Amino acid sequence: MNNQNLEDSATTTNLQTSLAPEILLQAKGISHTFDYPIFSEIDFTLKQNETIAIIGSSGCGKSTLLNILCSLLKPNSGKVFYKNTEIFNLSQKKLLELRRDIFGIVFQAHYLFRGFTAKENLKIAEFLNDKIIDMELMKTLKIDHVLSQGIGELSGGQQQRLSVARILTKRPKVIFADEPTGNLDKNTAKEVMEVLFKYIAYEKAGMILVTHEEDLANLCDKIYRINELKLERIK
Ligand SMILES: Nc1ncnc2c1ncn2[C@@H]1O[C@H](COP(=O)(O)OP(=O)(O)OP(=O)(O)O)[C@@H](O)[C@H]1O
Ligand SMILES: [Mg+2]
């Protein structure tokens, strides 16, 4: 092979590697039981740049699955990997680092620090993750004018938008969102979701979105439903 061919084949190999979307999160054979079985042998994969919605009736196990995937709940059996790392095998210290630096978790109920102002809540994320608050993002989320108010003085929807802002300030690689727009009117919900989708595309991150709303789910690349202990792909 002459040099030109060598270079050509090297370029092709590089292209192939860079074109293959990287797997961010992978779950294998997840089973979990509380008072009764919730899942049995579920597999799941999230790639870079991908958004996946999980839907299903109330109580079917959506939040439980999200808690397992984001490392907060160890399943009865099965494994969850972030890239090549099996997360439930990590030391407590490494697991905390993963949650702090890589994962962004938006809960159904938002855990803001109540004794502090909105800005102070953002500062905590900024300080913990060594990142800078993006004021343009606060304007887009329409919370730039309430940053000096205490958490108790914010409306439910403003708290929800602040939670999203706080998570994005960390610049996570995987976003886990449990009904992130549940308290918002349709238009505001759409704006918040647009912010999240833009973030995923810009950062080449991935998102798992739990929602009841079909409209929202349809904005994602794939949709799964939890049905009879299994994950059923419906888009
Ligand atoms: N820590 C727990 N201990 C015991 N049972 C639990 C626990 N967490 C959840 N469950 C049960 O597991 C089932 C699934 O709960 P989960 O919160 O995952 O549902 P969900 O699909 O998120 O529902 P919703 O749409 O109402 O938020 C429910 O029957 C719930 O009561
Ligand atoms: Mg839930």
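Each value in this text was obtained by applying a stated rule to the coordinates, not by laboratory testing. What you see is a predicted model, and the numbers here were worked out from it, not measured in a lab. We place every Cβ from the backbone using ideal geometry, glycine too, and count neighbours over all the protein chains shown.
Remind me, relative contact order of the chain in percent, using alpha carbon pairs under 8 angstrom and six or more residues apart?
28 percent
Please say if the stretch 180-234 is rounded, prolate or oblate, where rounded means a/c under 1.5 for a ≥ b ≥ c the square roots of the C-alpha gyration tensor eigenvalues, and otherwise the choice is prolate for a/b larger than b/c and oblate otherwise?
It is oblate, given that a/c is not under 1.5 and a/b is not larger than b/c.
Just order 191-203, 53-65 by mean Cβ neighbour count inside 10 Å, highest at the front, would you?
In descending order of packing, they fall as 53-65, 191-203.
What shape does the chain take by its C-alpha gyration tensor, where a ≥ b ≥ c are the square roots of the eigenvalues and a/c under 1.5 counts as rounded, a/b above b/c as prolate, and the rest as oblate?
Oblate.
Among residues other than residue 125 whose Cβ falls under 12 Å from its Cβ, what is the net charge (Lys/Arg +1, Asp/Glu -1)?
For residues surrounding residue 125, the net value is +2.
Quick check: pseudo-label points 7 Å beyond the Cα along Cα→Cβ at residue 58 and residue 144, how many nm apart are they?
3.8 nm
Along the charge dipole of the stretch 108-185, which of 141, 122, 183 sits closest to the positive end, that is, farthest toward it, with unit charges on the beta carbon of Lys, Arg, Asp and Glu (+1, +1, -1, -1)?
Of 141, 122, 183, it is 122.
Using the Cα centre as the reference, give the magnitude of the dipole from point charges on the C-beta atoms of the stretch 22-233 (Lys, Arg: +1; Asp, Glu: -1; all else neutral), rounded to the nearest 20 debye.
With only Lys, Arg, Asp and Glu charged at Cβ, the dipole is about 560 debye.
Simple spin-label model, 7 Å along Cα-to-Cβ: residue 153 to residue 124 in nm?
Label at residue 153, label at residue 124, 1.8 nm between them.
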